[in-house]
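**Student:** I have a structure I would like to understand better, so I am pasting it below and will then ask my questions one at a time.
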Amino acid sequence: MAEFIPVDPFDIVIFGGTGDLSKRKLIPALFHRFLDGQIDPSCRIIGVARSELTRDEFIALAKTACESALAQCKECRWDDFTALLEYIAMDVTSTGPSWDKLKGYLTNDGRPHVFYLATTPLIYIDICNALGEVGLNTSNARLVLEKPIGTDLASAKAINAGVGAVFEEKSIYRIDHYLGKETVQNLIVLRFANALLEPVWSRTAIDHVQITVAENLGLEGRADYYDRSGAVRDMVQNHLLQLLCLTAMEPPNSLDADDVRIEKIKVLKALKPYTAETVGHNTTRAQYAAGLIKGEKVASYKETLSSDVESKTETFVALKVKIQNGRWADVPFYLRTGKSMGDRRSSIMIQFKPTPHPLFDKADRVPNRLVMRLQPDEGMRLFMQIKEPGPGGMRLKYLPLDLSYAENFTVRYPDAYERLLMDIVRGNLALFMSRDEVEAAWRWVDQLLASWDEAGQPLETYAAGTQGPSQSAMLLDRDGREWWEQ
Ligand code: BG6
C-alpha cells in the first residue's frame with residue numbers, strides 16, 4: 001500500500017454541505033484521505049446548508065455518499081470518521097448568530113481553516129463578507145472557490161473583487177479539478193523530467209495538437225445550470241484551456257505556484273482571438289439529438305429540458321486554436337468537448353511532423369503520435385513505426401510504446417479532489433488558478449461567444465452516441481487532418 005504523508009490538523013467548513021458536489025466528491029474524498037491516515041482525529045468537517053438536518057441526519061447523508069468507499073474498505077473505521085463531522089443549518093446569505101456558532105465550532109490553535117464554497121457563485125461574496133464580519137478571514141484561512149467563477153469576464157471580475165476585498169489572493173484556492181487528475185500531473189512530469197522531449201516540443205517537430213474531453217453522460221440533473229452555461233463556459237473556459245496551458249507553456253522556473261501560473265497566463269494571453277469573420281471557419285457548435293449510447297436510447301437535449309422555450313445552448317464544441325508565440329506559431333491546437341457522445345474519453349494527442357525525406361512508401365509514412373490518455377485507462381502511448389518481422393520485404397507496422405498506468409501501478413488512483421483538498425491544507429497553490437488566469441481565460445472566451453453572436457454561428461446537430469457533428473470532422477478535414485479516435 002502507498003504511504004501517505006499526514007497533513008497537519010485542519011478544520012474544513014463545506015458551504016453547500018448537503019449539495020451534489022459535497023455528496024459526490026468532497027465527503028468521499030475526505031473519507032478516503034481519512035482511511036489512508038492523512039487526516040488527524042482532531043480535524044473538524046463541518047457541513048453548512050439551509051436544510052434543517054440534525055447532526056445524525058448529516059452523518060446518514062455522509063454514509064450514503066461514502067457507500068462505494070465503504071463497500072471496498074476492509075477496516076473502515078466509520079465511527080471514528082463520523083466523530084469528525086458536524087452540521088450547522090443556516091441561511092448563509094443573512095448575518096446573525098449562526099456565524100458565531102460556526103466560529104465556535106472551529107479550533108483555535110493556528111491550524112488551517114478551510115472554507116469550501118460548494119454553492120452557487122451568486123452567494124460567494126455574501127459568504128465572504130459574513131466570514132469577514134465574524135473575523136474568520138485570518139491568515140490561516142483558506143477560501144476555496146468552485147467553478148464556474150462567473151459567466152463572463154465582467155461577472156468573474158466582480159466575484160474576484162468581492163472575495164478579494166475580504167481574503168488575500170494567497171488565501172484563495174480556485175479549483176479546476178482537472179488539475180488534480182493523475183495524468184494531468186503526469187503531463188508536467190513527462191514534459192519537464194524527460195530531456196528528450198523538450199527539443200521536439202515545438203513547431204519544429206510538432207504538426208498539431210488535439211485535446212478531446214468527450215463525455216457519454218448528459219445533463220445528470222443539472223439542466224438548469226447547464227442550459228445557462230453550455231459547453232464553452234462549462235468545459236472550455238476552465239478544463240480544456242488548463243490542459244492546453246500545461247501542454248503549451250514554457251518550462252517554468254520552478255514548480256512553485258507563482259512560476260507555473262506566470263507561464264500559464266502567458267499562453268492564455270497568446271491565444272488568437274476569434275472575430276466574426278474568422279469564427280465560422282475555425283469553430284463548430286452543436287447540440288445533441290436523440291440517439292443510442294451503448295445500445296440504450298437517449299432522449300435529445302431539448303427533450304431532457306423541462307422548459308418549452310427552445311434552447312440554443314451548445315452541448316458540443318470543436319475549436320481550432322492558434323497560439324501566437326515563437327514556440328507554437330502555425331501549430332493548430334484542436335479542442336473538442338461534448339455531452340452524450342459515444343464514449344467517455346479524454347486525451348491529449350501530439351502529432352509530430354512526418355519524416356522529411358521519403359525512404360518508404362507514401363502509405364507507410366504515418367507520423368509519430370504521443371497520446372496522453374487522461375481517462376479512462378490512464379496512460380501514455382507513443383506511436384512509432386517498426387519493421388514487421390519476416391523476409392517479406394520492408395513492411396512497416398505502426399505500434400505504440402505503451403505506458404499503461406493500470407499495468408505499471410497497482411495502487412488505487414485517488415480522485416482529483418482528494419489531492420486538491422490535501423494541497424489546500426498544505427497551502428500549496430500550484431494546482432489552483434490565480435485571479436489573472438481566470439480572467440484571461442474569460443477574456444478569450446467572451447470574444448469567442450461574441451463572435452458567434454455577431455456572425456450568427458449556426459447550432460449544428462449530432463446524434464447522441466456519436467463523435468459530434470459532421471462539421472467537427474470537416475474542421476480538421478479542411479486542414480488535411482482528422483480527429484484521433486482511439
Ligand atoms: C465539470 C463539469 O466541471 O466537469 C461537468 O461541470 C463535467 O459538466 C465534469 O461533466 C467532467 O469531469 P470529469 O472529471 O468527470 O471528467
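The values are calculated or read from the model by the stated rules, or taken from the named source; none is laboratory data. This is a predicted model, so every value here is computed, not measured. Counting neighbours? That spans all protein chains shown, and the Cβs are built from the backbone with ideal geometry, glycine included. These accessible areas exclude ligands, DNA and RNA; they are computed on the full protein's heavy atoms, side chains included. Shrake-Rupley method; radii C 1.70, N 1.55, O 1.52, S 1.80 Å.
**Student:** For the chain, find the longest principal axis of its Cα atoms and tell me its angle to the long axis of helix 435-455, 0 to 90°, nearest 10.
**Tutor:** Helix 435-455 and the main axis of the chain meet at about 60 degrees.
**Student:** Additional query: What three numbers, in Å, describe the spread of the alpha carbons of the chain along their principal axes, ordered from the longest?
**Tutor:** The Cα atoms of the chain stretch 79, 53, 47 Å along the principal axes, largest first.
**Student:** Can you figure out the FRET efficiency of Arg228 with Ala450, using R₀ = 22 Å and their beta-carbon distance, to the nearest 0.05? Please report the intermediate quantities before stating the final value.
**Tutor:** On the way: r = 17 Å, r/R0 = 0.78.
Working from the Cβ atoms, E equals 0.80.
**Student:** Which GluC sites (Glu not before Pro) in segment 99-200 sit in a loop by DSSP (not H, G, I, E or B) and have at most 15 other Cβ atoms within 10 Å of their own Cβ?
**Tutor:** Glu168
**Student:** Please compute P(r) over all alpha-carbon pairs of segment 207-269, binned at 10 Å starting from zero, and give each bin as a whole-number percent.
**Tutor:** P(r) over segment 207-269, rounded to whole percents: 18, 39, 25, 16, 1.
**Student:** Restricting attention to segment 292-360, which GluC sites (Glu not before Pro) occupy a DSSP loop and are surrounded by at most 12 other Cβ atoms within 10 Å?
**Tutor:** When the GluC sites (Glu not before Pro) of segment 292-360 are filtered for loop state and at most 12 Cβ neighbours within 10 Å, Glu310 remain.
**Student:** Let me ask something additional. Might you tell me the accessible area per residue for the chain, computed with a 1.4 Å probe and given in Å²?
**Tutor:** 45
**Student:** Using a simple spin-label model with points 7 Å from Cα along the Cα→Cβ vector, what separation in nm is obtained for Asp343 and Ala154?
**Tutor:** Spacing of the two 7 Å Cα→Cβ label points: 4.4 nm.
**Student:** Still on this structure, please answer the following. Filter the trypsin sites (Lys or Arg not before Pro) in segment 424-486 to those in DSSP coil with at most 14 other Cβ atoms within 10 Å of their Cβ, and list the result.
**Tutor:** The qualifying sites are Arg478.
**Student:** Against the longest principal axis of the chain, how steep is helix 153-164, in degrees 0 to 90 to the nearest 10, with axes from Cα atoms?
**Tutor:** Compared with the principal axis, the helix lies near 40 degrees.
**Student:** Please work out the C-alpha center-to-center distance from segment 187-201 to segment 28-90 and express it in whole Å.
**Tutor:** Cα centres, segment 187-201 to segment 28-90: 40 Å.
**Student:** Another question, then. Using bins 10 angstrom wide from zero, how does P(r) for segment 173-233 break down, in % of all Cα pairs?
**Tutor:** Going out from 0 Å in 10 Å bins, segment 173-233 shows 15, 32, 31, 17, 6 percent.
**Student:** Let me ask something else about it. Check cross-link reach from Lys387 to the aspartates and glutamates: straight Cα distance under 18 Å, and skip same-chain residues fewer than eight apart.
**Tutor:** Within the straight-line cut-off, Lys387 pairs with Asp361, Asp364, Asp402.
**Student:** Label points 7 Å out from Cα along the Cβ direction at Ile125 and Glu263: separation in nm?
**Tutor:** A separation of 3.6 nm, rounded to one decimal place.
**Student:** Another question, if that's okay. If you take the beta carbon distance between Lys101 and Arg365 as r and set R0 to 56 Å, what does 1/(1 + (r/R0)^6) give as a FRET efficiency, to the nearest 0.05? Spell out each step's value before the answer.
**Tutor:** Details: r = 70 Å, r/R0 = 1.25.
It comes out at approximately 0.20.
**Student:** Show which lysines lie in cross-link reach of Lys320 when reach means a straight Cα distance below 17 angstrom and same-chain residues fewer than eight apart are skipped.
**Tutor:** Of all the lysines, those that pass the test against Lys320 - Cα under 17 Å, at least 8 places apart if same chain - are Lys269, Lys272.
**Student:** Still on this structure, please answer the following. Using a cut-off of 29 Å between alpha-carbon atoms, which lysines can reach Lys297, once sequence neighbours fewer than 8 places away in the same chain are excluded?
**Tutor:** Lys23, Lys25, Lys312, Lys339
**Student:** While we're here: Counting Lys and Arg as +1 and Asp and Glu as -1, each charge on the Cβ, what is the dipole of the chain about the Cα centre in debye, to the nearest 20?
**Tutor:** Details: 57 positive and 66 negative charges, 256 e Å.
With only Lys, Arg, Asp and Glu charged at Cβ, the dipole is about 1220 debye.
**Student:** If Lys and Arg each add +1 and Asp and Glu each add -1, what is the summed charge of the other residues whose beta carbon sits under 13 Å from the beta carbon of Leu403?
**Tutor:** Surrounding charge for Leu403 is -3.
**Student:** With only alpha-carbon pairs counted, each pair once and no self-pairs, how large is the Kirkwood hydrodynamic radius of segment 304-354 in angstroms?
**Tutor:** 14.3
**Student:** To continue, here is another question. For the chain, find the longest principal axis of its Cα atoms and tell me its angle to the long axis of helix 55-65, 0 to 90°, nearest 10.
**Tutor:** The helix 55-65 is inclined about 20 degrees to the chain.
**Student:** Which parts of segment 422-448 would a label at Leu255 reach, counting a residue when its backbone N lies under 12 Å from a point 7 Å out along Cα-to-Cβ?
**Tutor:** 430-431
**Student:** Using only the alpha carbons, work out the radius of gyration and Dmax of segment 423-486 in angstrom.
**Tutor:** 18.1, 48
**Student:** Sticking with the crude label model, points 7 Å out along Cα→Cβ, report the distance from Asp20 to Tyr398 in nm, one decimal please.
**Tutor:** 3.9
**Student:** Heads up, I need the accessible area for Leu102: 1.4 angstrom probe, whole protein in place, Å², nearest 10.
**Tutor:** Surface open to solvent at Leu102 totals about 0 Å².
**Student:** Starting from a Cα-only point model with no solvent, please compute log10 I(q)/I(0) by Debye for segment 42-130 at q = 0.14 1/Å.
**Tutor:** With no solvent term, the Cα-only Debye profile gives -0.60.
**Student:** Same structure, new question: Please report the projected area of segment 154-281's Cα convex hull averaged over all directions, in nm². Write out the running numbers ahead of the final one.
**Tutor:** Values: hull surface 44.2 nm².
It is 11.1 nm².
**Student:** Antiparallel versus total DSSP beta bridges in the chain: what percent is that, nearest 5?
**Tutor:** 55
**Student:** Related question: On the protein heavy atoms, probe 1.4 angstrom, tell me the percent of accessible surface of segment 7-156 carried by carbon and sulfur.
**Tutor:** 48
**Student:** To check my understanding: the extent here is largest minus smallest coordinate of the Cα atoms along each principal axis. What are those three numbers for segment 31-90, in Å, largest first?
**Tutor:** For segment 31-90, the Cα spread along each principal axis is 35, 24, 14 Å.
**Student:** Follow-up question, since we're still on this one. Need one word for segment 7-52: rounded, prolate or oblate. Basis is the Cα gyration tensor (sqrt eigenvalues a ≥ b ≥ c); a/c below 1.5 gives rounded, then a/b vs b/c decides.
**Tutor:** oblate
**Student:** Moving on. What order, most packed first, do the peptides 112-122, 229-239, 368-378, 73-83 have when packing is the mean number of other Cβ atoms within 10 Å of each residue?
**Tutor:** Averaged packing, sorted descending, gives the order 229-239, 112-122, 368-378, 73-83.
**Student:** Moving on to the next point. Which Rg and Dmax, in Å, describe the Cα atoms of segment 368-477?
**Tutor:** Values for segment 368-477 (Cα only, Rg and Dmax): 21.9, 62 Å.
**Student:** Would any residue of segment 254-285 have its amide N under 12 Å from a label point 7 Å out along Cα→Cβ of Asp436? List them or say none.
**Tutor:** Counting only backbone N, you get 258-269.
**Student:** Using a cut-off of under 15 Å, list every residue of segment 180-224 whose amide N is near the label point 7 Å from the Cα of Ile386 along the Cα-to-beta-carbon line.
**Tutor:** In segment 180-224, the label zone of Ile386 (backbone N under 15 Å from the point 7 Å along Cα→Cβ) covers no residue.
**Student:** Segment 286-403: percent of C-alpha pairs farther apart than 25 Å?
**Tutor:** 51
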